[in-house]
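Here the structure is laid out as structure tokens; the discussion comes afterwards.
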Amino acid sequence: QVQLVESGGGLVQPGGSLRLSCAASGRIFVINTMGWYRQAPGKQRELVATITRTGSTNYADSVKGRFIISRDNAKNTIYLQMDSLKPEDTALYYCNADARSTSWAANRNYWGQGTQVTVSS
């Protein structure tokens, strides 16, 4: 099994910045694509950004130019640098990973518990 633990959320004023981290632990053979998703109250969970093991990234249009996703494969950790934050960025941010726990195991999808980001003055 793979566990994902997010950190770095909090309360920030509009225009401010936050940096989220997500560390994977447990029985890990390989972690493929990792990413961040978010869910605001009353809304569906949506993609924020993803990053492959080789560093290819994908962003939601709403965060392009403001958020940067990065990855440290040696630490099994991804980051989300969020700048120019807006009130509409307020949500519970979840870490996601596609991983295999052994060389013979099938690829499985994992979710973290989420970290709250609130953008408000």
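Quick notes on this structure:
For every residue, the table says whether it meets (1) assigned to a strand (DSSP E or B); (2) not basic (K, R).
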residue	(1), (2)
G16	no, yes
R19	yes, no
A24	yes, yes
N58	yes, yes
V63	no, yes
A74	no, yes
T102	no, yes
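- Selected residue (criterion: modelled with the highest pLDDT) from residues of region 93-121 that are surrounded by fewer than 18 Cβ atoms within 10 Å (Cβ to Cβ) and of a type in the set (A, V, I, L, M, F, W, C): W111
- Filter result for S84 (small (G, A, S) and in contact with a Pro (Cβ under 9 Å, 6 or more places away or on another chain)): yes
- Put simply, of R45, R38, R53, R71 the only residue that is open to solvent by less than 60 Å² (accessible area, probe 1.4 Å), without any contact (Cβ under 8 Å) to a residue 60 or more places away in the chain and touching a strand residue (DSSP E or B) at 6+ places or on another chain (Cβ under 8 Å) is R71.
- From S21, S17, S7, S25, residue being touching a residue at least 24 places away in the same chain (Cβ under 8 Å), open to solvent by 50 Å² or more (accessible area, probe 1.4 Å) and under 12 Å from the mean Cα position of the chain (by Cα): S7
- Close contacts from region 100-121, counting a first residue that is under 17 Å from T77 (Cα atoms) and a second that is of a type in the set (K, R) and open to solvent by less than 60 Å² (accessible area, probe 1.4 Å), with Cβ to Cβ under 9 Å and a gap of 6+ residues or different chains, come to G114/R38.
The values are calculated or read from the model by the stated rules, or taken from the named source; none is laboratory data. What you see is a predicted model; the values in this text were computed from it and never measured. Quick reminder, even Gly has a Cβ in these numbers, built from the backbone with ideal geometry, and neighbours come from all protein chains shown. We work out accessible area using only protein heavy atoms, side chains counted, and drop any ligands, DNA or RNA first. Shrake-Rupley method; radii C 1.70, N 1.55, O 1.52, S 1.80 Å.
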